[in-house]
Amino acid sequence: MLKTNFCKIPLDNPLFLAAGVLGSNASSLNWILDSGAGGVVTKSFSINPNEGYKNPTTVAVDGGIINAIGLSNPGLEVFKEEIKKINSNDGKGVFASIYGSTPEEFSRLAGEIEGIVDAIELNISCPHAMCGYGASIGENPELTYEFVKAVTDTVSIPVIAKLTPNVTDITVSAVAAEEAGADGLSLINSLGPGMKIDLITANPILSNKFGGMSGPAIKPIAIKCVYDVYESVDIPIMGVGGISNYADVVEFLYAGANLVQIGTSIMDNGVEVFSNITKDLELFMKKNDFKTINEMIGLAHKEDL
């Protein structure tokens, strides 16, 4: 009942681990897959190692967290070895999230990992990345096109562009990515940047001062982005932002997402969130006479419900 596919990749269910949470090594990624996820997205990595920002890098706020980790990672060569250790089974997707500052860097990264992952997610949307990375690319439709095109011209496996909500109209970015050959989209990256200030020291708590907000508070914005983009492109969408239960998943599916990614809620609900949601989602589908996930996708766009 929960079996589905994304970009012709068969999957046991529509729940993925989002990039940035427990995605740095094979053991944690295998743990997520064994816990019931239909697939995983690795933490974003670059060609060379990056230390990221100093602690503190996360701070809790009402409705979620603000983080400014700075895209820390051990680099391409280390990640390649970790990816090779992931238990690749039928029905389980392994997507790699990559980032860089030039189209050439993205192209090189994609070419290096094409043979060991099912798809590639392009991080062109991180709101707290250093200058020249992340949202500084994705906020510009022309740059979005250029960077996506560089990768789609390089590899034959599916390429997914992860977009930022911090733009005037996310559909413009989505169309640019589709025109550049993207096979799918991830909506959305964290919101912001935002900030929290310590009442005693009067200093911003994060070492980077500001970071991206994730968690339940951003879900309504993510839902609206998915809804708008669904009507603007013909490629599939992965919904991301504040998902913690089956009802959240259903909302994203109704809005037009084909799959969803789960990240922040793992901190509160543990890795069991995947198996708990799949059980509840299956019960919901049976109760409401849905036989497949596809029957639910885009229902919010139908006039006569």
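Only the coordinates and a few stated rules stand behind these numbers; no lab work does. What you see is a predicted model; the values in this text were computed from it and never measured. Neighbour counts run over all protein chains shown; Cβ positions are idealised from the backbone, glycine included.
Residues that are touching an Asp or Glu at 6+ places or on another chain (Cβ under 8 Å) and either under 22 Å from GLY242 (Cα atoms) or among the acidic types (Asp, Glu) (or both) within region 45-83 comprise just one, GLY70.
Applying the criterion of being under 18 Å from the mean Cα position of the chain (by Cα) and assigned to a helix (DSSP H, G or I) to the residues of region 261-276, the residue that is nearest to GLY241 (Cα to Cα) is SER265.
Conditions tested, residue by residue: (1) out of contact with any strand residue (DSSP E or B) (no Cβ under 7 Å at 6 or more places or on another chain); (2) surrounded by fewer than 19 Cβ atoms within 10 Å (Cβ to Cβ); (3) in contact (Cβ under 8 Å) with a residue 24 or more places away in the chain; (4) part of a helix (DSSP H, G or I).
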| position | (1), (2), (3), (4) |
| --- | --- |
| ASP234 | yes, yes, yes, no |
| MET238 | no, no, yes, no |
| ASP280 | yes, yes, yes, yes |
| MET285 | yes, no, yes, yes |
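Pick from ASP153, ASP169, ASP183: which is of a type in the set (Asp, Glu), over 17 Å from PHE45 (Cα atoms) and touching a residue at least 60 places away in the same chain (Cβ under 8 Å)?
Working: ASP153 fails: touching a residue at least 60 places away in the same chain (Cβ under 8 Å); ASP169 fails: touching a residue at least 60 places away in the same chain (Cβ under 8 Å).
Exactly one residue qualifies, and that residue is ASP183.
Go through region 93-116 and give me each residue that's assigned to a loop (DSSP other than H, G, I, E, B) and crowded, with 23+ Cβ neighbours inside 10 Å. Of everything in region 93-116, those that are assigned to a loop (DSSP other than H, G, I, E, B) and crowded, with 23+ Cβ neighbours inside 10 Å turn out to be TYR99, GLY100. Out of all the residues in region 223-230, is one or more touching a residue at least 40 places away in the same chain (Cβ under 8 Å), part of a loop (DSSP other than H, G, I, E, B) and either more than 13 Å from the chain's Cα centre (by Cα) or buried (at least 24 other Cβ atoms within 10 Å of the Cβ) (or both)? Scanning region 223-230, I find no residue that is touching a residue at least 40 places away in the same chain (Cβ under 8 Å), part of a loop (DSSP other than H, G, I, E, B) and either more than 13 Å from the chain's Cα centre (by Cα) or buried (at least 24 other Cβ atoms within 10 Å of the Cβ) (or both), so the answer is no.
Going through (1) in contact with a helix residue (DSSP H, G or I) (Cβ under 6 Å, 6 or more places away or on another chain); (2) surrounded by fewer than 24 Cβ atoms within 10 Å (Cβ to Cβ); (3) over 21 Å from LYS92 (Cα atoms) one by one, SER265 falls short only on (3). Can you find a residue in region 11-26 that is farther than 30 Å from PHE290 by Cα, assigned to a strand (DSSP E or B), out of contact with any Pro (no Cβ under 9 Å at 6 or more places or on another chain) and of a type in the set (Gly, Ala, Ser)? Scanning region 11-26 turns up no residue that is farther than 30 Å from PHE290 by Cα, assigned to a strand (DSSP E or B), out of contact with any Pro (no Cβ under 9 Å at 6 or more places or on another chain) and of a type in the set (Gly, Ala, Ser). Condition first: out of contact with any helix residue (DSSP H, G or I) (no Cβ under 7 Å at 6 or more places or on another chain) and either among the acidic types (Asp, Glu) or touching a residue at least 60 places away in the same chain (Cβ under 8 Å) (or both). Now tell me which residues in region 70-93 satisfy that. Result: GLY70, LEU71, GLU77, GLU81, ASP90, GLY91, GLY93.
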